[in-house]
Amino acid sequence: MRKTMYVMMRELRVTLGRKSFTIIGFGIPLLLGIVAAILIVTNKDKVQEVAASDSSLSLSSSGQVVEGYVDEGDLIQFLPERIPAGWLTEFDDETAAQNALDQGKIEAYYIVSPDYENSGELAYVKSTFSIISDRVNTDTMEWILLANMLGDAELAADVWQPVKTTVTPLVVAEVDAGEDSWIVDLFPTFMTVMLYLAIIMTSSVLVAAVTDEKKNRVMEVLLSSVSTGQMITGKLLAVAILGILLMLAWVALFVFVILFGGSALQIPVGFSIPYDVLAWAIVFGFFGYAIYGALMAGLGALAPDVKDTRSATFVVLAPLIVAYMLMMFVATAPEGPMAMGLSLFPLTSPVSMIGRMSVMDVPVWQSVLAVVLQAAAAILIVRLVIRLFRAQTLLSGQSFETKRFFSSLLGRG
Amino acid sequence: MRKMWLVARHQFIKEASKRSFILVLLALPLFLVFTIGLGFLISQIEKESATIGFVDHPGLLTRSLPASEGEDIELQAFESRESAISALDNDQIAAFYVIADDYFETQDVELVYNESPPYQAVQLFEDTVRFNLMTGEPDAIVDRMLSGADVTVRVTEANREFAAGNPTFANFLPLIVAAMIGFLVLTTSGYLTEVIVDEKENRTIEIVITSLSTGRMMAGKIMGAIGIAIVQLTIWVAFLVAAIWLGGNVLDIGWLQSIDPNWSDLLKVVIVAVPTYLCIAALMTLIGSSLVDNQEANQAGMLSMLFIFVPIYAFVPIATNPNGPLAIGLTFFPATSITTVALRSLVAEVPIWQIVAAAAIAFSTALLLIWLAGRTFRVAMLRYGQRLKLADLFSRSSKVIET
């Protein structure tokens, strides 16, 4: 046990000592936290600015925004009585309308195309427009055009708003606070990406660690002091701890956004931190690190150099990549057969099960079954990889082949 | 010059003949195919299918309206509220409307359901009511009402147009190009940081250096790696075009149809991207020359890609103030210029002088880094296993090596 711990501590020290790992692993959540903090401060100011700027809009005596229109097809013969006086001004051509816009006499203007009846082309011209915060509402102008096409403003009003609906739900549904919030929508993606990145980053560390020790002959010394089982267990424990540390950095960011985001980041009132999902993420993450860390360590055992493992790395990580890409399916249909299959299959469950838990309450038996299957797969893969850590394999110096890797793993090498 | 081209050609052939190169070449196209296929499948899954009942007391709905293409929604008439409730309880219908006797005076209808019906079903019912209210009107006016207006928002100060106020796929093309460059940086960073590893390991570097200068050698290596990048980018762009055609014309995905790219914006991104990639390539080579650890060198590539995407995190302030100091500053900084120009193009026209200035800064930085890479390589040539510090590059001992 002592030697295993020693290997683990050394691996932790070396990896955490690498600036690139710490910058990428912990720097990104830190940077995002800083961005969130800036957004929290600046959005609070923006709310006050918007309130102040409201009073500077061009208003007619009726309180409406003043706009203009250029009717290229002479479709508009009358303005319905409901339209407040002074709200809409006709201009002969676009130049006149643009001049009025530039002088601030109007906030915007419409251009009705000559063949509006057939093409429906309607341009809405403004000086500035933000795709983030501004919304376009041309309903009133479209209603005016409909009234002129029908020749009857009242009929147009009835057609525009055809029903006044009273809703009678026979079953009272539970109101989900924050159902439409961005953070609720983004939570499954966040959890998936967090686990995906953590597993890939930490397990990739092992490939280079093993190949580097082979290249600089430290492996010869190590094998004379520790058994292959102790070595790989120590390395895998280090990978697991690194992965959990990375996850904790992201969880800290998430908690910060929830606790301090407030109205500035449109966090819905009553949105609580899903501690249960986070706890399950640590469990699934741990076994994910074990599985993929072991496979990557096995790659390192066979390859003379890390650059020889690139194509095999892709093959080994393929299930995880596929699970990540299929997250849209899982989020859209979390109770479907594909989602269930992905969340139970050990190579994809770290990502898929957590993605499912982020959108629905997964039955406990499924969660437990997934953990059991993952644990069994982790133990099996680790035992297979330990076989690869035979001295003659580690020191052979043979060139790397993907086929030889999988054959050796299955005991046929 | 000839020797430099020799080095470039050797580097290109060496990398292009590896199996991993084919894998990387196909990575993005396969991902595109997968994503578009997935999008198509999800849109098929999300197609709503429902039957909505109605009880028409005043006899309003004498004509029926078919559901929109691709939606499987239909309306079913019932004689009474009780028969509709029975159908609802048996899951034959998703919901039903009861049109009040005095509808023509009050417009009152009642919507009854167990679970809120899909939006498309509500829309079909309301359109059917509209359709019947406009009985006798010309077909063109009825079609116009039911289709709605084709609204385009024109923003005069930004010189931009948005369909219905929302950016379209064409507006996002510059950003897609920027993302492609980011992916290119990630996939080619390995080649760039390891340009001299093989020669160092098998000791041929000392022989090569007797034939040409370190500066020319590094320039040749960088050019070879850039050649690889150009091949990758060409294949990826061809696949992107093919994917857009397939998605729009065969799979009938709406947002991939009738794409009208703004070629001016795309050209601006390309003008900035070329020298910026050269700059990043030189930086990767410099890092590879100075770092001892292969793994650190590889992770440096990942770090560069992250820098390229920093403007994404600053999207809101950039989009809100596309000509502000933050946006302009990020445009001139080589690592972030590609993505910033792409993001700014989404909401405003980027002035030509800023594009030229950004390209000039990136190109000058690239030349400086290539020179520095040559110098680093020269100083580090005999320092096997030792990490090179910045001060070592300009110290007296490095000058001794030079002479």
At what distance in nm do the modelled label points of A:Leu16 and B:Ser83 sit from each other, each positioned 7 Å from its Cα along Cα→Cβ?
7.5 nm
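What does the extension gain come out to for B:Thr62 and B:Ser264, with contour length at 0.36 nm per residue minus their alpha carbon separation? Could you put the intermediate results ahead of the total?
Numbers: separation 202, 0.36 × 202 = 72.72 nm, distance 5.27 nm.
Fully extending the segment from B:Thr62 to B:Ser264 adds 67.4 nm.
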Mind listing, in residue-number order, the residues in the stretch A:12-26 that have at least 20 Å² less accessible area with every protein chain present than in their own chain alone (1.4 Å probe)?
A:Arg18, A:Ser20, A:Ile23, A:Ile24
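Test of understanding: what is the full-extension gain from A:Ile273 to A:Glu72, defined as 0.36 nm times their sequence separation minus their Cα-Cα distance?
Numbers: separation 201, 0.36 × 201 = 72.36 nm, distance 5.59 nm.
Gain on stretching A:Ile273 to A:Glu72: 66.8 nm.
FRET efficiency for A:Glu94 and B:Ala170, Cβ-Cβ distance as r, R0 = 35 Å, nearest 0.05?
On the way: r = 24 Å, r/R0 = 0.68.
So the FRET efficiency works out to roughly 0.90.
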Expected integer from the mean partner chain Cβ neighbour count at 10 Å over B:19-30 is 2
Between A:Thr128 and B:Glu110, what is the spin-label point distance in nm, taking each point 7 Å from the Cα along the Cα→C-beta axis?
5.1 nm
Take the alpha-carbon centre of the stretch A:337-374, take the same for the stretch A:208-239, and report the distance between them in whole Å.
33 Å
Once the dipole of the stretch B:123-188 is set up with Lys and Arg at +1 and Asp and Glu at -1 on Cβ about the Cα centre, which of B:Pro174, B:Phe131, B:Ser147 lies farthest towards its positive end?
B:Pro174
Once each part is reduced to its C-alpha centroid, what is the distance from the stretch A:151-167 to the stretch B:322-371 in angstrom?
52 Å
Non-local amide H neighbours of B:Gly53 (under 5 Å, H modeled in plane, Pro and chain starts lacking H): which ones?
B:Gln76, B:Ala94, B:Ala95, B:Phe96, B:Tyr97
Cα shape, the stretch B:84-202, gyration tensor, a/c 1.5 rule:
oblate
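Given Cβ point charges of +1 (Lys, Arg) and -1 (Asp, Glu) and nothing else, what value in debye, to the nearest 20, does the dipole of the stretch A:112-157 about its Cα centre take? Please list the in-between numbers first.
Numbers: 2 positive and 8 negative charges, 59 e Å.
Approximately 280 debye in magnitude.
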Taking R0 as 35 Å and r as the Cβ-Cβ distance between A:Ala85 and B:Trp255, the FRET efficiency 1/(1 + (r/R0)^6), rounded to the nearest 0.05, comes to 0.25
Going by accessible area, probe 1.4 Å, with all protein chains left in place, what is the ranking of B:Met4, B:Met217, largest first?
B:Met4, B:Met217
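Under a Cβ-only charge scheme (Lys and Arg +1, Asp and Glu -1), can you give me the dipole magnitude of the stretch B:51-188 about the Cα centre, in debye to the nearest 20?
Working: 6 positive and 23 negative charges, 179 e Å.
Using only the charged Cβ atoms, the result is roughly 860 debye.
State which entries of B:Lys3/B:Lys221; A:Lys3/A:Lys214; A:Lys215/A:Lys235; B:Lys221/B:Lys268 exceed 21 angstrom in Cα-Cα distance in the structure shown.
Working: B:Lys3/B:Lys221 11 Å; A:Lys3/A:Lys214 19 Å; A:Lys215/A:Lys235 18 Å; B:Lys221/B:Lys268 27 Å.
Checking Cα-Cα distances, B:Lys221/B:Lys268 exceed 21 Å.
Between B:Ile209 and B:Glu74, what is 0.36 nm times their sequence separation minus the Cα-Cα distance? Round to one decimal in nm. Let's see the in-between values first.
On the way: separation 135, 0.36 × 135 = 48.60 nm, distance 7.80 nm.
Once the chain is fully extended between B:Ile209 and B:Glu74, it gains 40.8 nm.
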How about the stretch B:115-142: which of its residues lose at least 30 Å² of accessible area in the presence of all protein chains relative to their chain isolated, using a 1.4 Å probe?
B:Glu126, B:Arg130, B:Leu133, B:Met134, B:Glu137, B:Ala140, B:Ile141
Each label sits 7 Å from Cα toward the beta-carbon; between A:Met338 and A:Val221 the label points are separated, in nm, by 5.2 nm
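Just to verify a number: FRET efficiency for B:Ser147 and B:Phe309, C-beta to C-beta distance, R0 = 45 Å, to 0.05?
Working: r = 39 Å, r/R0 = 0.87.
In this case the efficiency is close to 0.70.
The values are calculated or read from the model by the stated rules, or taken from the named source; none is laboratory data. For clarity, every value in this text was computed on a predicted model and none was experimentally measured. We place every Cβ from the backbone using ideal geometry, glycine too, and count neighbours over all the protein chains shown. Just the protein is used for accessible areas: all its heavy atoms, side chains included, with ligands, DNA and RNA removed. Shrake-Rupley method; radii C 1.70, N 1.55, O 1.52, S 1.80 Å.
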